[in-house]
Amino acid sequence: MIGQMIGESSAAGFEWQPTSLREAGFSNDLDARLDKAIADKRVWNLHSVIVVRNGRLVFERYFEGEDTARGSRPIGVVSFKPDSLHDLRSASKSVVGLLYGIALAAGKVPAPEDQLLPSFPEYADLAADPVRSRWTLHHVLSMTMGTEWNEAMPYTNPANSETAMDMAPDRYRYILDRPMIMEPGNRWVYNGGATALLGRLIARGTGKSLHEYGREVLFDPLGIGPTDWYADNGGELIAASGLRMTPRDFARIGELTLRGGVWKGRSVVPAEWIARSTSPLVHIAEERHYGYQWYNLDFTMETPTISRSNQRLWNAAGNGGQRLTVFPGLDLVVVTTAGNYNAKDNNLPPLRIITDVVMPSLL
């Protein structure tokens, strides 16, 4: 089921001024590096690449390729353009995280320190569990609920926990009633159900659908064009992976986080929420961490003009190669969209756009 498309033309409302590669601190070979990465099959089935630096559009390429929308809806071969909507898949989670922060500032949703289950009184039987009763919104926002949850298999597999959630007669009972396998807060486990809970709380607290609220408090203030949010057959919006927007507009989300939640002099998302969401709150593996619905990574880089230094980034990532990566120390935002859904190596193309194309071109 397709949600209602809302908004004005994205292309017409794009205010960022383009700039030359040299002015933005890149060598002129960025385009050639991308072509080589494609020719060498280091990246494949790309749909778009966008690079923004210092608030200016540095680089933009679109491609033709097979695409499939959320819900296994084949779109066919698409010649992507600046105004083409694209699935964000699980990168939707990061947008939901921002909406939660806006709703929190408006007093519409519980604080991270508040207990979770009082917000779901219809499941009073679950609140009687002494372990579940210790859940706070922090555990939901940081995906540390301690329940059994497995999204490591393809989403076409009904045993995938998110797929099973979508098929359950009551998705929220399904999420909250999963077996407890560890104490809440002990370990990060990827969990689309956690984002579904956040979406439900936002809708209940604001009295609006997640999409309507997103348009009002985030998309419209940023000048984001048409958006779509996939809903299940019962009309329930898929918070964890259902959002569609243009790659240019996705870059706006990254730019907003880079600017501490401020857009054109207006605070859209509280700065303290941006800082908390994009900080390394929970360890995942090696240098990878998780904040509130955003990934966080430490890395080391060296360029002809940047001596070897430790940097950090935060990103939103979605199945198929959807990636929004923000480098605060470099004033840089990189967006990729691709069509490698459910492929085991679907994370490699967006990673290699960073490592093989963008970073080596920095002066």
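None of the figures in this text is laboratory data; all of them are computed from the coordinates on show. Treat the numbers as computed from the prediction; the structure is a model and nothing was measured. No Cβ is skipped: glycine too gets one built from the backbone with ideal geometry, and neighbour counts run over all protein chains shown.
Net charge near GLN115, counting Lys/Arg +1 and Asp/Glu -1 over other residues with Cβ under 14 Å of its Cβ? Within the 14 Å Cβ shell, the charges total -1. Anisotropy class assigned to segment 248-363 is rounded, per the alpha carbon gyration tensor with a/c under the 1.5 cut-off. Computed from label points 7 Å out along Cα-Cβ, the spacing between LEU363 and SER133 is 6.4 nm. Over the chain, the fraction of Cα-Cα pairs per 10 Å bin, rounded to whole percents and listed from the shortest bin up, is 5, 25, 35, 24, 9, 1, 0.
Here segment 240-283 has an Rg and Dmax of 12.0, 34 Å, counting Cα atoms alone.
Springs between Cα atoms under 10 Å define the GNM used for the chain, and in it the highest mean-square fluctuation of LYS108, LYS93, LYS41 occurs at LYS41. Considering only MET167, GLY192, TRP273, the residue lying farthest towards the positive end of the dipole of the chain is TRP273, judged by Cα position with unit charges set on Cβ. Using the alpha carbons alone, the radius of gyration of segment 131-217 stands to its Kirkwood radius in an Rg to Rh ratio of 0.99.
The magnitude of the dipole of the chain, with charges of +1 and -1 set on the Cβ of Lys/Arg and Asp/Glu and taken from the Cα centre, is near 440 debye. Backbone phi angles across segment 180-195, fed through the Karplus curve with coefficients 6.51, -1.76 and 1.60 (θ = phi - 60°), yield HN-Hα couplings of 7, 10, 7, 5, x, x, 6, 8, 6, 9, 4, 8, x, x, 4, 5 Hz in residue order; Gly and Pro are listed as x.
Starting from the Cα-Cα distance between THR355 and THR156, subtract it from 0.36 nm times their residue separation and give me the gain in nm to one decimal. Roughly 68.6 nm would be gained on extension. Fully extending the segment from ALA111 to ILE181 would add 22.7 nm, taking 0.36 nm per residue of separation and subtracting the current Cα-Cα distance. With a Förster radius of 51 Å applied to the C-beta separation of ASP232 and ARG56, the computed FRET efficiency comes to 0.80. Each Lys or Arg adds one and each Asp or Glu subtracts one; over the other residues with Cβ under 12 Å from the Cβ of LEU98, this totals +3. If R0 is taken as 30 Å, the Cβ-Cβ distance between LEU297 and ASP35 corresponds to a FRET efficiency of 0.65.
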